[in-house]
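Notes for the one structure printed next.
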Amino acid sequence: MLRLHLILQYSSLLLLLCWSSFNCIAQCAFTIEGTLKDEVSGAPLSGATVYVRELSAGVVTDQQGKFAIEQLCAQTYHLNFSHLGCAEKQMTIELKSSKLLSVFLHHHAADLQEVIVEDHAHELDATVGEQIAPSLILEHKGAQLSELLSTTSGVQVLQNGKGISKPIVHGLTNDRLVVVQQGVPLSTQSWGSDHGIEVDGSMLNQVKVLKGASALRYGPEALAGAIVTAYSKIQDAHLHGSVTNGFHSNGRGLFSSFKLEQKRNAFAYRIFSGYKNFGDFNTPEYYLTNSGYRNFSGGLQLQKNLNRHFFELYTSVLSSENGVLKASQIGNLTDLQLAIQREEPYFATQEFSRLIDPAHQAATHSIFKFKHQYTLSDYSKLTQSYAFQINNRKEFDNRRGAFRYVPALDLRKWSHFYELVYQKESIHDRQFETGLQFVFQDNTNVPGTATLPLLPDFRLLRPAYFIGFKKQKDKLLFALGGRYDFNLLNAWPIRRGIVNVVEQTTHINHNVVLSGSLQAATSKATRLRVNLDVISRAAKMHELYSDGLHQGVASYEQGNEQLDSEQSMKLSAEFKIFGHKASLKVIPYVHLINNFIYLQAQDSFLLTVRGAYPLFIYESNDAIIRGVDLDFKYQLSNAINARMMFDYLKGDNLELDMPLVQMPGARLRYSLEYAPQKKIGFLQHTRLSLQCNHQFKQHYLNADQDFIAPPEGYTLVNAKLSTHLINTKQQLILNVQVQNIFDITYRSYLNRLRYFADEPGRSVNVQLSYVF
Amino acid sequence: MKKAHLTVMIFALYISSCKPKEVVVENQQEFITTVIMTFTDNSTGVEKQFTYKDLDGDGGEPANVSVEPLMANRTYQTQITLLNEGVSPTENINEEILAEDEEHQFFFLSTSSNLSFTYADQDEDGNPLGLSTLFTTGAADSGSLTAILRHEPDKNAEGVAGGMIDNAGGAIDVEVAFDFTIQ
């Protein structure tokens with residue numbers, strides 16, 4: 001049963017690659033025989049799966065690691081080798097005669113960046129996290145990346161309208177969460193609640209959410225975790241690709257994307273592009289004026305193997321334009337209070353529009369990356385990567401006259417990233433890695449805004465050294481790691497007065513990361529893991545130097561140059577029980593943060609020519625966040641699966657003895673999925689599911705901590721259908737989703753626009769993907 | 001080879017981080033530093049001024065507010081002048097407002113019923129603008145007058161043409177309060 005399940009899992013993984021079968025011409029009497037061995041120890045791998053895509057069937061290796069597939073024709077076959085604890089291997093064979101193969105599988109643990117498949121529940125692994133299923137990634141092609149991420153437990157979404165969003169992992173986001181794209185920590189303007197993550201989710205084929213223990217590789221900013229996105233290695237000799245087109249009724253969103261890839265001999269390429277265009281979203285009662293967004297993304301990936309060398313060139317660009325809800329473009333405190341009191345927001349209409357007017361944001365992010373891997377021996381390799389990123393962000397406010405088309409904020413950030421990593425593994429499941437990293441960032445306010453910048457120009461230089469060790473012994477796996485970052489920040493703040501003066505300041509921080517993990521196979525069906533991460537994070541630029549009014553936030557933000565590094569200690573555990581029909585995963589955690597940096601509302605107001613504004617200053621206090629994620633799966637029958645997920649957390653400011661703001665409320669989600677293994681008519685791989693998501697009200701907040709009390713809880717019911725209309729060597733996959741079926745009116749505590757307007761109502765989403 | 005690579009890199013980074021940045025301090029061109037309300041007595045022609053001045057803009061030094069007392073039971077022709085004195089030469093913002101008069105409107109909120117106003121000008125569409133107004137004083141009193149300039153209000157919303165701000169919406173350009181006395 002489990003094996004069948006695995007095979008299904010693998011086959012679904014491969015859907016994105018291809019199905020290629022030619023007709024049987026002559027006799028079909030060839031055989032592929034072979035042996036599977038561990039690449040490191042040379043030991044035969046018994047119980048490994050060899051899956052032949054063209055036959056939609058597989059065999060299992062015997063005690064000697066041997067397998068045989070008979071009655072094969074003279075054609076091309078795609079084989080997939082997999083074994084628990086090993087990286088999967090694909091092979092394309094043009095069969096002209098019978099073949100004898102020796103296949104070596106790379107032990108999974110050997111590559112820390114290797115994919116972790118969630119269903120390998122038995123596997124021991126040192127990271128707490130979740131790999132998002134490819135089918136889920138496919139379903140979310142028209143959505144924001146944050147929405148895809150929030151399907152995992154412990155992750156919610158912080159929004160500034162529909163188009164601007166970012167994930168919150170275990171209560172933390174922004175500067176405490178790293179987004180990694182193709183091995184490069186993304187360097188964008190990630191500080192405000194109104195800055196989304198600049199990654200187009202529609203192109204990715206691997207997305208992983210790491211909750212802690214990831215800081216070693218991604219730096220102290222991965223205090224809460226990391227979102228790791230990547231494009232898989234190009235494996236297949238045939239030209240493969242996919243084209244997806246879709247429509248969302250709410251926002252009348254249109255989106256389209258394509259991908260092409262091929263591996264020819266030692267050279268491989270992949271090219272991809274995507275486009276999205278959403279107009280104004282509508283709540284059950286009115287349209288949200290100026291809430292649309294558009295974005296365009298494209299990229300190219302080239303890979304080349306040359307003996308012991310592996311080279312990769314990767315480049316991508318994302319250009320996006322986001323409207324900011326017109327009703328939220330208010331001024332001072334009086335305005336905010338007037339806007340809050342309204343039943344229906346200002347400028348609410350019954351007319352749909354695709355127009356994006358000020359206030360809006362236009363951002364472009366480009367990445368250029370070069371990677372070189374050199375295999376020193378069978379057990380060790382050296383990898384160096386260099387990445388250059390340019391981020392340009394323009395924010396347009398509702399200004400007068402000619403300034404209407406002049407950005408009020410225009411930032412250009414250049415980032416260089418260099419990494420040199422040495423990895424070694426040895427027999428007996430020992431692994432070692434060590435590396436150096438250099439980060440250099442230069443952030444400039446592009447002249448011409450005719451206003452003083454919110455954030456001064458700065459340069460950041462951050463060399464780092466890290467070392468990690470992992471060992472598996474019988475039923476125990478432990479990992480230890482350390483990292484040191486030297487953080488040199490030079491800033492050029494403008495001291496405001498009758499005459500403005502530019503000053504140069506320097507901040508030096510030494511930041512240390514220590515991380516330890518112990519995982520035990522406590523019994524055949526249970527796993528226990530305990531992680532402890534100690535991280536110190538230097539205060540970021542905006543925490544030190546913000547000075548001004550943030551776009552439509554109706555508050556004046558001021559940095560605090562005295563801020564010291566944040567010291568965080570996170571203790572988390574993961575407990576898994578899995579049986580034939582049910583599995584349960586529980587992740588409790590306690591996160592203690594000394595010097596937790598946050599925006600504190602001041603008693604005084606800042607008086608300006610535009611009236612009084614609430615004044616917020618960055619302060620630091622000791623804080624604690626504790627919570628638990630629950631994930632329970634149950635197989636009711638062969639075709640019906642049920643799932644329940646629950647997240648709960650509570651954050652406290654220990655010094656001021658009050659709750660932390662912007663903490664997600666509890667969330668309970670159920671889903672029921674019907675996935676028959678047989679065809680229904682001509683439909684294959686059909687999955688029909690019904691979801692019920694309940695968001696509880698965030699009660700844990702004092703009345704004086706927000707302008708209004710957090711919104712009430714709500715329940716959303718969604719349904720989705722996914723099926724293969726054609727399933728030969730080409731596939732045509734249809735996805736239909738109905739979100740918020742009952743078109744309920746609600747507001748979300750994690751959406752900054754909750755003061756002004758309701759959340760979008762029902763949406764019917766249809767998407768057709770052609771994969772070859 | 002790799003060592004040389006690294007050394008060059010570190011060196012380049014070191015150099016680039018040492019060269020100070022040339023920061024351009026922007027002229028805050030659209031900024032309003034000064035709001036002057038000039039009350040001209042209809043009967044005597046005597047001028048009184050309410051002035052709000054914040055030359056360094058948001059933050060920094062607090063604004064300077066000065067108010068001259070008004071006389072009881074009079075009608076005042078009132079003119080508002082908005083200036084940006086942060087740039088040289090001083091910029092008259094009134095011209096910008098007049099150029100986009102249908103996108104702007106002033107509102108005046110008084111805590112005292114002894115100070116009331118009516119609009120004395122119109123935009124291109126025939127809706128009130130509020131750079132020119134007529135203020136009427138009643139008996140001797142004191143209170144606070146808030147002058148508000150909205151950008152892109154909904155001028156057709158209920159009550160807005162009569163000076164009611166509640167349904168106006170739009171972004172705020174000016175909101176200053178003057179503590180006045182009527183003698």
task: Report the local net charge at A:I593: Lys and Arg +1, Asp and Glu -1, summed over other residues whose C-beta lies under 11 Å from its C-beta.
output: 0
statement: Averaged per residue, the 1.4 Å probe accessible area of the protein assembly as shown, protein heavy atoms only, in Å², is roughly 40
message: Can you find, among B:G60, A:L95, A:F272, the residue sitting farthest towards the positive end of the charge dipole of the protein assembly as shown, where Lys and Arg contribute +1 and Asp and Glu -1 at Cβ?
response: A:L95
message: Binning at 5 angstrom from zero up to the longest distance, how are the C-alpha pair distances of the range B:25-182 distributed in percent?
response: 2, 9, 18, 22, 19, 16, 10, 3, 1, 0
- request: Using the Karplus curve 6.51 cos²θ - 1.76 cosθ + 1.60 with θ = phi - 60°, work out ³J(HN,Hα) for each residue of the range A:133-150 in order, rounded to whole Hz, and write x for Gly and Pro.
  value: 4, x, 5, 6, 4, 4, 5, 9, 4, x, 9, 6, 4, 4, 5, 5, 5, 6
Positive-end residue of A:V179, A:Q684, A:F696, charge dipole of chain A with Cβ unit charges: A:Q684
message: What lysines does A:K524 reach when the alpha-carbon gap must be under 16 Å and sequence neighbours fewer than 8 apart in one chain are set aside?
response: A:K473, A:K475, A:K576, A:K581, A:K585
- prompt: How about A:K381: which lysines have a C-alpha closer than 21 Å to its C-alpha, ignoring those fewer than 8 places off in the same chain?
  reply: A:K37, A:K89, A:K233, A:K304, A:K369, A:K371, A:K424, A:K470, A:K471, B:K2, B:K3
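Given the -39500 (n - 2.57) contribution per DSSP H run of 4+ residues, what per-residue ellipticity at 222 nm results for chain B, rounded to the nearest 500 deg cm²/dmol? Mind showing how you got there, number by number?
Details: 2 runs with 24 residues, N = 183.
Helix contribution divided over all residues of chain B: -4000 deg cm²/dmol.
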- prompt: What is the extension gain from A:E712 to A:E344, computed as 0.36 nm multiplied by their sequence separation minus the C-alpha to C-alpha distance, in nm to one decimal?
  reply: 130.8 nm
field: Label-point separation, A:A29 to B:T90 (7 Å along Cα→Cβ), nm
entry: 10.5
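May I ask what percent, to the nearest 5, of DSSP beta bridges between residues of the protein assembly as shown are antiparallel?
In the protein assembly as shown, approximately 95 percent of DSSP beta bridges are antiparallel ones.
Between A:L239 and A:K473, what FRET efficiency comes out of the Förster formula 1/(1 + (r/R0)^6) with R0 = 51 Å and r the beta carbon distance, rounded to 0.05? Mind dumping the intermediate values first?
Working: r = 45 Å, r/R0 = 0.89.
For R0 = 51 Å, the calculated efficiency reads 0.65.
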message: Under 8 Å for C-alpha pairs, at least 6 residues apart: give me the relative contact order for chain B, rounded to a whole percent.
response: 19
- prompt: Each residue of the range A:245-258 in order: what ³J(HN,Hα) in whole Hz does its phi give by Karplus 6.51 cos²θ - 1.76 cosθ + 1.60, θ = phi - 60°, with x for Gly and Pro?
  reply: 10, x, 9, 10, 5, 7, x, 6, x, 10, 8, 8, 8, 9
message: If I take R0 = 25 Å and measure r between the Cβ atoms of A:Y405 and B:E68 in this structure, what FRET efficiency does the formula 1/(1 + (r/R0)^6) give, to the nearest 0.05?
response: 0.05
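Go through A:L753, A:L518 and list them by solvent-accessible area, largest first, probe radius 1.4 Å.
Details: A:L753 15, A:L518 85 Å².
The residues order as A:L518, A:L753, largest area first.
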- line: Among A:G47, A:Q431, A:I577, the residue whose Cα sits farthest towards the positive end of the charge dipole of chain A, when +1 is placed on the Cβ of each Lys and Arg and -1 on the Cβ of each Asp and Glu, is A:G47
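Within 13 Å, Cβ to Cβ, of A:E139, how many net charges do the neighbouring residues add up to if Lys/Arg are +1 and Asp/Glu are -1?
Values: positive: A:K141, A:R687, A:K720; negative: A:E147, A:E673.
Residues near A:E139 contribute +1 overall.
Report the local net charge at A:L177: Lys and Arg +1, Asp and Glu -1, summed over other residues whose C-beta lies under 12 Å from its C-beta.
Summing Lys/Arg as +1 and Asp/Glu as -1 gives +2.
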- prompt: Can you give the extra length, in nm with one decimal, that the chain gains between A:V60 and A:I680 once fully stretched, where that is 0.36 nm per residue apart less the Cα-Cα distance?
  reply: 220.3 nm
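Of B:E103, B:E152, which has the most accessible area and how do the rest follow, probe 1.4 Å? Mind showing how you got there, number by number?
Details: B:E103 50, B:E152 25 Å².
My answer, sorted largest first, is B:E103, B:E152.
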- prompt: Short version: which residues of the range A:402-419 lose at least 20 Å² of accessible area, all chains versus chain alone, 1.4 Å probe?
  reply: A:F403, A:R404, A:Y418
- prompt: Hey, what did chain A get for relative contact order, percent, Cα under 8 Å, at least 6 apart?
  reply: 9
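Other chains near B:71-80: what is the mean number of their Cβ atoms within 10 Å of each residue's Cβ? Each step should come with its number before you reach the end.
Working: counts 0, 0, 0, 0, 0, 0, 0, 0, 0, 0.
The per-residue average across the peptide is 0.
Using a 10 Å cut-off on Cβ to Cβ distances, tally the other chain neighbours for every residue of A:441-449 and report the average as a whole number. List each step's numbers first, then the result.
Numbers: counts 0, 3, 1, 4, 5, 1, 4, 2, 4.
Per residue, the average neighbour count from other chains is 3.
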Per-residue ³J(HN,Hα) for the range A:342-352, Karplus 6.51 cos²θ - 1.76 cosθ + 1.60, θ = phi - 60°, Hz, x for Gly and Pro: 6, 6, 10, x, 4, 6, 5, 10, 10, 10, 7
task: In debye, nearest 20, what is the charge dipole magnitude of the protein assembly as shown about its Cα centre with +1 on Lys and Arg Cβ and -1 on Asp and Glu Cβ, if you could check?
output: 5980
message: Tell me the carbon and sulfur percent of the accessible area for the protein assembly as shown, rounded to whole percent, probe radius 1.4 Å.
response: 56
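How many square angstrom of accessible surface are buried between B and A, both sides summed, with a 1.4 Å probe and rounding to 100?
Details: alone 10970 and 31920 Å², together 38260 Å².
Looking at B and A, the buried total is near 4600 Å².
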statement: Distance in Å, no decimals, from the C-alpha centre of the range A:715-768 to the one of the range A:388-416 is 32
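Counting only other chains, what is the mean number of Cβ atoms within 10 angstrom of the Cβ of each residue in peptide B:174-181? Don't skip to the answer; put the middle values down first.
Working: counts 5, 11, 5, 3, 0, 0, 0, 0.
Other-chain Cβ atoms within 10 Å of each residue's Cβ, averaged: 3.
If I take R0 = 25 Å and measure r between the Cβ atoms of A:S98 and A:R308 in this structure, what FRET efficiency does the formula 1/(1 + (r/R0)^6) give, to the nearest 0.05?
The calculated FRET efficiency here is 0.20.
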field: Threshold 30 Å² - residues in the range A:319-333 whose accessible area is reduced by that much or more when the chain is no longer isolated, probe 1.4 Å
entry: none
task: Counting helices only, and only those DSSP H runs with n ≥ 4, report the 222 nm mean residue ellipticity of chain A as the sum of -39,500 (n - 2.57) divided by its residues, in deg cm²/dmol to the nearest 500.
output: -1500 deg cm²/dmol
message: With every protein chain left in place and a probe of 1.4 Å, what is the accessible surface of A:D442, to the nearest 10 Å²?
response: 30
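The values are calculated or read from the model by the stated rules, or taken from the named source; none is laboratory data. What you see is a predicted model, and the numbers here were worked out from it, not measured in a lab. Cβ coordinates were reconstructed from backbone atoms using ideal geometry, including for glycine residues, and neighbour counts include every protein chain displayed. Ligands, DNA and RNA are stripped out before the accessible areas are found, and what is left, the full protein with its side chains, is counted by its heavy atoms. Shrake-Rupley method; radii C 1.70, N 1.55, O 1.52, S 1.80 Å.
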